[in-house]
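Encoded as structure tokens, the structure appears first; notes follow it.
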Amino acid sequence: MLSLQMHRQLTNPWIWGAMFAALIIALPLLVVFSNILIPGDDTWMHILKNLIPTYVINTLILMAGVALLTFIMGVSTAWLVSMYSFPGRKFFSWALIMPIALPAYISGFTWAGILDYTSPVYVFLRNHLGVDTGQYLFFNIHSIPGAIIILSLALYPYVFLISRAYFSRQSSTLFEVAASLGKKQSQIFFGVALPLARPAIVAGVSLALMEVLNDYGLARYFGVDTFTTGIFTAWFAFSHPQSALKLSAYLMIFVLALIILERTQRGKMRYDMLGAAYRPIKRTTLDNPKGVLALILCMIPFLLGFLIPLIMLSYWSSLTLVDVVDYRFTELLFNSFLLAAIASLVVTAFALFIAFTVRSFPSRFVRFLSRISTLGYALPGAVVAIGILIPFLWIDGMLTFFSSPGFRIALTGTWFALIFAYLVRFMAVGYNSIDSGMERISPSLDEASRSLGLSNMKTLGKINIPLLRGALISASLLVFIDVLKELPLTLILRPFNFDTLAIRAFEFASDERVAEAAPAAMIIIITGMVPVFLLNRLMAGKS
Amino acid sequence: MHRILRVKDILFLIVLTIITSCSTDENIVNVYSGRHYQTDEQLFREFTRETGIRVNLVKADTDQLINRLELEGVNSPADMFITADAGRMIQSMEKGLLQPMNAEVIRQLVPANLRDPNFYWTGFTKRARVFVYDKSRVNPDELSSYEELTSEKWAGRVLVRSSQNHYNQTLMASIVAAHGQDGALDWAKGIVHNMAQSPRGNDRDQVKAIAAGVGDVAIVNTYYMGLLLNSPNSEERNIARQMGIFFPNQNDRGTHINISGAAITAYAPNRDNAQRLIEYLLSPGAQSVFAEQNYEYPANKNVAWPALLKEWGRFNPDTIPLDQLGKHLQPGMIIFNQAGWN
């Protein structure tokens, strides 16, 4: 029996293909992980004893805070825009995604600029009204609570987008049944919708948490010492990359453990819609006190996470536009857009292929590999870059065979290397969205399709892809915007003389020139808005 | 048939992307730079115009670049390495990533304390780590040295950023060099004791915190004061004008300075072009650009200072040769941690 199953697995091209793909994507991560075997020296012991304990505690607090806030903001707003009609619903159904186009560290700089001593608001209060509120307006944003708020505002759209894709495809039958049993709206939400949406919510929140773990820029600027700042202290301050990689390996174990824990806790529960006839949701109209309340609820994350920072950035841009924007901006825009578009296609395609294979041909090994291949999102980009450079440089070493003086062939520093790097880095973004979407499709649909003689390819094309539409759109959209914002990988792996908008913004920001960074940040946001808007129309058109 | 064609196309594209990284161009110089200023790129363009040598540039974090150079080894395409921190330069030399330059011209232009004795690297600009104080609350006569900042009279008045910052790390190395590890630990504890708030934000934020009344004196790089004085935000300019600049330790070893340095990498394929570019960066014309547009002190001793730098005044820089700071970086980092300077 076992051997028959193994035989089947070994001869199945899908399994082979998925295994190979997942392995290639996981390779850089395994390179990083292998450092766990290197024995620690004095520096390692110093870091472990003096720094790590506080860093771990800070990180856990940060994670808990962001998990809670993104959950509340993301799920509540997704539920509102999918289930109810209220003033502004249509606008918010896409506008609530927008904060994701604002890189968290830019948002941090911007909010610090709004709240600090030289912000226009503060200057007005001080110079015209004579108010003196001390160093900060309202509260000290350079703190753990400050970091939690800024990160949550930047990351809740992951939860919003994936939950919304889920809620809006949910069959209204379930809710009608619950309502006919005399359940109140709140009971339906907490008793039926929330538990059923678990895969989507978990997918979204875990993406947000992985972003928290890989964040370095914001934590460093806010002076919050997290596990990741510890990785960079080891690497940069102690110039000990081995310890940095070793810490990263432990980070991978931690994330993998969390994923497995959640999966085991979910047990054999299934989330597909078998048995419930699908009927699209008819949105309930909210009457006025409630309608306005819904409007306000959606307004908060949009204002704080997007509109207010955007206004500040436009103000700064107006000061610096003339000096900063040059003829190269079109080139930056072109580079950023093209990279993001290619990467989002590649990541979505690989994620779909692997997720479909894992679903169709249960193989523990491939499933495990696919999980490993998503861990690149939890690591700081600079660490992933080392994992990529090592195998690429090894290949380049082989290629020198074909080179002669004055003629070099190399993979490193090419678009190809960059796209591959994004695949490693953003696999989780594609995979989590698509996998959670597949949870909702009943496997019996696939079986029916196969028993009707359709090939696997046709089953994927005719059954899964149309049903996964929303998930595929969210996946490619999220990857697109993530690549647009991506910094550390692009910084070190890019070809000579190659710049992107994110790099331009970062160069000014890291030099403490926030106002000069604003125009590039604005263009990132606007570029990010285009696909959000287009894909949202696409989704609205068909659902 | 159709599908086969598509696969071919994709393969062709892949090959094309790989080939685009082949360099057959003879007259180039490949630069890995940890600096990311527009002045640098402007000067590189000028260099190309004058010499016909094309400058290929990758800018990234200095530590990432050092790591990449290490991983690339013999196959590295880099010819030249630039970083804005002496400590990082020394580390990359100790890792065997650099090779000595032709000393002839550099010896004449750059003072000995700003370069490696064996010409593995040279500084091309310098920055001083000074005290910035509120003119209305602090009398400059009260200020004297980095050490004096630990005395009780400054309790709760000192502002300085995190120990993660390169400039603080190299400053610490200079303190270790002057007082030994025990003395440096006492110093760090004294500063931590006197801090007005736990370290946060960047150098600019320290100056703003003075304006907001959080503290009275901050340890800041001159370069950032130049940026504040020329900020597009008028309020930042106002604040910067309220501040005085004080060069500490004028009565003993001098004010701590750091350099932006350039070096030729160990396996540089275009060694001569890198040498030419470095000499170009040290030329009076280029040095004036750094000084006027980037508020950095010229490393070339023959170049006159622009008005702003003159206004801040002449000062005695710390005379310790920068190449001797490298060995104190790591102990300095441990001292920061022990003193609780996050």
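What is the residue count in the range A:487-527 for residues that are within 11 Å of chain B (Cβ to nearest Cβ) and of a type in the set (A, V, I, L, M, F, W, C)?
14
Say we look at the range A:115-127 and pick out the residues that are assigned to a helix (DSSP H, G or I) and buried (at least 19 other Cβ atoms within 10 Å of the Cβ); which of these is farthest from the other protein chains (Cβ to nearest Cβ)?
Filtering first and then ranking leaves A:L115.
Condition first: closer than 24 Å to B:T83 by Cβ and surrounded by 16 or more Cβ atoms within 10 Å (Cβ to Cβ). Now tell me which residues in the range B:307-320 satisfy that.
B:L309, B:F315, B:P317, B:D318, B:I320
Has the range A:410-426 got at least one residue that is touching a strand residue (DSSP E or B) at 6+ places or on another chain (Cβ under 9 Å) and either more than 7 Å from every other protein chain (Cβ to nearest Cβ) or part of a helix (DSSP H, G or I) (or both)?
no
More than 14 Å from chain A (Cβ to nearest Cβ), out of contact with any strand residue (DSSP E or B) (no Cβ under 6 Å at 6 or more places or on another chain), surrounded by 15 or more Cβ atoms within 10 Å (Cβ to Cβ) and at pLDDT 95 or above, is that true of B:L98?
When the stated conditions are applied, B:L98 does not pass them.
Got a number for residues in the range B:104-155 being surrounded by fewer than 17 Cβ atoms within 10 Å (Cβ to Cβ), assigned to a helix (DSSP H, G or I) and aliphatic (A, V, I, L, M)?
Of the residues in that region, 2 qualify.
Tell me whether the range B:185-197 contains one or more residues that are modelled with pLDDT of 95 or more, touching a His at 6+ places or on another chain (Cβ under 7 Å) and closer than 18 Å to B:Y146 by Cβ.
There is at least one residue in the range B:185-197 that is modelled with pLDDT of 95 or more, touching a His at 6+ places or on another chain (Cβ under 7 Å) and closer than 18 Å to B:Y146 by Cβ.
Given (1) buried (at least 22 other Cβ atoms within 10 Å of the Cβ); (2) over 21 Å from the mean Cα position of the chain (by Cα); (3) within 14 Å of chain A (Cβ to nearest Cβ), identify the lone condition not met by B:R88.
If we test B:R88 against (1) buried (at least 22 other Cβ atoms within 10 Å of the Cβ); (2) over 21 Å from the mean Cα position of the chain (by Cα); (3) within 14 Å of chain A (Cβ to nearest Cβ), just (2) comes out false.
Out of A:M73, A:M83, which single residue is in contact with a Pro (Cβ under 8 Å, 6 or more places away or on another chain) and of a type in the set (A, V, I, L, M)?
Sole residue among the options that is in contact with a Pro (Cβ under 8 Å, 6 or more places away or on another chain) and of a type in the set (A, V, I, L, M): A:M73.
Need at least 3 residues that are closer than 30 Å to B:F44 by Cβ and of a type outside the set (D, E, K, R) per element, so show me which helices (runs of 4 or more DSSP H) inside the range A:431-506 make the cut, counting only ones lying wholly within it.
Output list reads A:488-493.
Is it the case that some residue within the range A:187-209 is hydroxyl-bearing (S, T, Y), surrounded by 20 or more Cβ atoms within 10 Å (Cβ to Cβ) and outside any helix (DSSP H, G or I)?
No - not one qualifying residue is present in the range A:187-209.
Assuming A:I52 fulfils every condition listed in (1) within 14 Å of chain B (Cβ to nearest Cβ); (2) under 30 Å from A:F356 (Cα atoms); (3) β-branched (V, I, T) apart from one, which condition is it?
Every listed condition holds for A:I52 apart from (2).
Can you report the number of residues in the range B:305-319 which are under 15 Å from B:N294 (Cα atoms) and within 19 Å of the chain's Cα centre (by Cα)?
Number of matching residues: 2.
When the range B:217-236 is examined, which residues are found to be surrounded by fewer than 19 Cβ atoms within 10 Å (Cβ to Cβ) and under 15 Å from B:Y133 (Cα atoms)?
Residue satisfying the conditions is B:L229 alone.
So which pairs qualify, if the first residue must be in the range A:323-334 and assigned to a helix (DSSP H, G or I), the second must be charged (D, E, K, R), the Cβ gap must be under 6 Å, and the two must be at least 6 apart or on different chains?
Once the first residue is assigned to a helix (DSSP H, G or I) and sits in the range A:323-334, its partners that are charged (D, E, K, R) give A:V324/A:E516; A:L332/A:D499; A:L332/A:R504.
Tell me which helices (runs of 4 or more DSSP H) are completely within the range A:29-111 and hold 2 or more residues being closer than 30 Å to A:Q242 by Cα, or say none if there are none.
Of the helices (runs of 4 or more DSSP H) lying wholly inside the range A:29-111, those with at least 2 residues that are closer than 30 Å to A:Q242 by Cα span A:42-46, A:52-83.
Any residue that is within 11 Å of another protein chain (Cβ to nearest Cβ), of a type in the set (S, T, Y) and surrounded by 20 or more Cβ atoms within 10 Å (Cβ to Cβ) - is there at least one of those in the range A:319-328?
Scanning the range A:319-328 turns up at least one residue that is within 11 Å of another protein chain (Cβ to nearest Cβ), of a type in the set (S, T, Y) and surrounded by 20 or more Cβ atoms within 10 Å (Cβ to Cβ).
The values are calculated or read from the model by the stated rules, or taken from the named source; none is laboratory data. Keep in mind that what you see is a predicted model, and the values were worked out from it rather than measured. When we count neighbours, we look across all protein chains shown, and the Cβ atoms used for this are built from the backbone with ideal geometry, even at glycine.
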